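The values are calculated or read from the model by the stated rules, or taken from the named source; none is laboratory data. Please read all numbers here as calculations on a predicted model, not as lab measurements. Here Cβ is always computed from backbone atoms with ideal geometry, including for glycine, and neighbour counts include all displayed protein chains. Remember, those area values only see protein heavy atoms, side chains included, never the ligands or the DNA or RNA. Shrake-Rupley method; radii C 1.70, N 1.55, O 1.52, S 1.80 Å.
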Amino acid sequence: MEPEHDKLVQMLRAARNMLIFTGAGISTTSGIPDFRGPEGVWKRRQPVYYHDFMRSESARIEHWDYKLEGWPAFRAARPNATHHAIAQLERAGKVAVVVTQNIDGLHTRAGTSREKLVELHGTNTLVECQSCGELSDPEPHFEAFRRTRRPPLCHCGGFLKPATISFGQNLRNEDLERAETAAADADLVVALGSTLSVYPAANIPLGAAARGIPFVIINRGPTEQDGRPEVTLRFEGDVSEIFPPAVSEALR
Ligand SMILES: [Zn+2]
């Protein structure tokens, strides 16, 4: 085995309080499209900004139409070896927090607990009322929208929206605080499948690594933090081929 692989296994074995940061690259093998990649959705569609969603019926229709287009892929997606490896690390008592940029809900499906998970950009697996905050199952709302082409409303009269953070919408303070609190005590940072280019999310792993703890990046393609002095190990390639085998070896 490669010496870098052995180093990763040793780090995973030694860790007691990891911060795991994940991006789109861990879910592409589960059939979730990478929104920012070369074939990304944003090459075809204009994103609807939060401000417009709240003000304009046509913007709400556009947003629901875009979400409806992606819904069958999200509903059918299943966690892959990387999601399962992360859940195993938690069961082994090694995880402080899993911070994800992904909205696909696959960490939860793989068994990562709610207490350990921060979904920075929200989730597609719930719909949220923009007035009363009530959360509900997306399926009936998508059904209704498909039939009527009218954006669904809450029983309180508020606008319903898939519970993801829209463009122009702030991340939830509570989420950032949970991530930062865990980062302050972490003993290892692992960034998986993220180009580390979307802020403030990308500051979370880097901020933890700046305390002098090991920082591992695994990603296919360049990241914005490659070559930084905080990076201890950098693996190039498919996360699902690199990370799960190292986890099984470390937990053996
Ligand atoms: Zn409501």
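Being touching a strand residue (DSSP E or B) at 6+ places or on another chain (Cβ under 7 Å) and either within 16 Å of the ligand (Cβ to nearest atom) or free of Cβ contacts under 8 Å to residues at least 24 places away in the same chain (or both) narrows it down to one residue among 214, 229, 152, 205; which is it? Outline the logic, then answer.
Details: 214 fails: either within 16 Å of the ligand (Cβ to nearest atom) or free of Cβ contacts under 8 Å to residues at least 24 places away in the same chain (or both); 229 fails: touching a strand residue (DSSP E or B) at 6+ places or on another chain (Cβ under 7 Å); 205 fails: either within 16 Å of the ligand (Cβ to nearest atom) or free of Cβ contacts under 8 Å to residues at least 24 places away in the same chain (or both).
Only one candidate qualifies: 152.
For residues in the range 218-252 being among the acidic types (Asp, Glu) and more than 20 Å from residue 205 (Cα to Cα), which is least open to solvent (accessible area, probe 1.4 Å)? Lay out the reasoning, then the answer.
At the first step, the residues of the range 218-252 found to be among the acidic types (Asp, Glu) are 224, 226, 230, 236, 238, 241, 249.
Subsequent filtering for residues that are more than 20 Å from residue 205 (Cα to Cα) retains 241, 249.
On the way: 241: 129, 249: 48 Å².
So the residue we want is 249.
Can you tell me which of (1) of a type in the set (Asp, Glu); (2) more than 23 Å from residue 223 (Cβ to Cβ); (3) assigned to a loop (DSSP other than H, G, I, E, B) is the one residue 104 doesn't meet?
So residue 104 meets the others, but not (2).
Is there a residue being without any contact (Cβ under 8 Å) to a residue 60 or more places away in the chain, open to solvent by 40 Å² or more (accessible area, probe 1.4 Å), over 23 Å from residue 13 (Cα atoms) and within 17 Å of the chain's Cα centre (by Cα) anywhere in the range 175-196?
Looking for residues that are without any contact (Cβ under 8 Å) to a residue 60 or more places away in the chain, open to solvent by 40 Å² or more (accessible area, probe 1.4 Å), over 23 Å from residue 13 (Cα atoms) and within 17 Å of the chain's Cα centre (by Cα), one finds at least one in the range 175-196, hence yes.
Which of the residues spanning the range 87-109 are buried (at least 16 other Cβ atoms within 10 Å of the Cβ) and more than 28 Å from residue 63 (Cβ to Cβ)? Working first, answer last.
Of all residues in the range 87-109, those buried (at least 16 other Cβ atoms within 10 Å of the Cβ) come to 87-90, 94-109.
Across the range 87-109, the qualifying residues are 87, 88, 89, 90, 94, 95, 96, 97.
Could you please let me know if residue 171 is of a type in the set (A, V, I, L, M), over 23 Å from residue 74 (Cα atoms) and either open to solvent by 70 Å² or more (accessible area, probe 1.4 Å) or away from the ligand (no atom under 16 Å from the Cβ) (or both)? Give the derivation first.
On the way: of a type in the set (A, V, I, L, M): yes; over 23 Å from residue 74 (Cα atoms): no; either open to solvent by 70 Å² or more (accessible area, probe 1.4 Å) or away from the ligand (no atom under 16 Å from the Cβ) (or both): yes.
For residue 171, the condition - of a type in the set (A, V, I, L, M), over 23 Å from residue 74 (Cα atoms) and either open to solvent by 70 Å² or more (accessible area, probe 1.4 Å) or away from the ligand (no atom under 16 Å from the Cβ) (or both) - is not met.
Looking at (1) within 16 Å of the ligand (Cβ to nearest atom); (2) within 30 Å of residue 247 (Cα to Cα), which is the only condition residue 97 fails?
Of the numbered conditions (1) within 16 Å of the ligand (Cβ to nearest atom); (2) within 30 Å of residue 247 (Cα to Cα), the odd one out for residue 97 is (1).
Just for the range 113-123: of the residues that are surrounded by 15 or more Cβ atoms within 10 Å (Cβ to Cβ) and not polar (S, T, N, Q), which one is farthest from the ligand (Cβ to nearest atom)?
To start, the set of residues in the range 113-123 that are surrounded by 15 or more Cβ atoms within 10 Å (Cβ to Cβ) comprises 116-123.
Okay, now just the ones that are also not polar (S, T, N, Q), so 116-122.
Details: 116: 29, 117: 25, 118: 24, 119: 21, 120: 23, 121: 22, 122: 17 Å.
Restricting to residues being surrounded by 15 or more Cβ atoms within 10 Å (Cβ to Cβ) and not polar (S, T, N, Q), the top hit is 116.
Could you list all residues from the range 75-86 that are assigned to a helix (DSSP H, G or I) and surrounded by fewer than 22 Cβ atoms within 10 Å (Cβ to Cβ)? Can you show your working first?
Taking the range 75-86 first, the residues assigned to a helix (DSSP H, G or I) are 75-76, 81-86.
If the condition is that a residue be assigned to a helix (DSSP H, G or I) and surrounded by fewer than 22 Cβ atoms within 10 Å (Cβ to Cβ), then 75, 76, 81, 84 are the ones that fit.
Can you give me the number of residues within the range 124-149 that are within 16 Å of the ligand (Cβ to nearest atom) and either open to solvent by 20 Å² or more (accessible area, probe 1.4 Å) or among the polar types (S, T, N, Q) (or both)?
The qualifying residues number 13.
Take the range 211-223 and flag every residue that is in a loop (DSSP other than H, G, I, E, B) and at negative phi.
Within the range 211-223, the subset in a loop (DSSP other than H, G, I, E, B) is 211-214, 220-223.
Selection gives 211, 213, 214, 220, 222, 223.
Which numbered condition trips up residue 162, out of (1) farther than 24 Å from residue 80 by Cα; (2) within 16 Å of the ligand (Cβ to nearest atom)?
Going through the list (1) farther than 24 Å from residue 80 by Cα; (2) within 16 Å of the ligand (Cβ to nearest atom), residue 162 breaks only (1).
If you go through the range 108-121 one residue at a time, how many are over 17 Å from residue 208 (Cβ atoms) and touching a helix residue (DSSP H, G or I) at 6+ places or on another chain (Cβ under 6 Å)? Explain how you work it out, then say what you get.
Of the residues in the range 108-121, the ones over 17 Å from residue 208 (Cβ atoms) are 108-115, 119, 121.
If we keep only those that are touching a helix residue (DSSP H, G or I) at 6+ places or on another chain (Cβ under 6 Å) too, we end up with 110-112.
Matching residues across the range 108-121 total 3.
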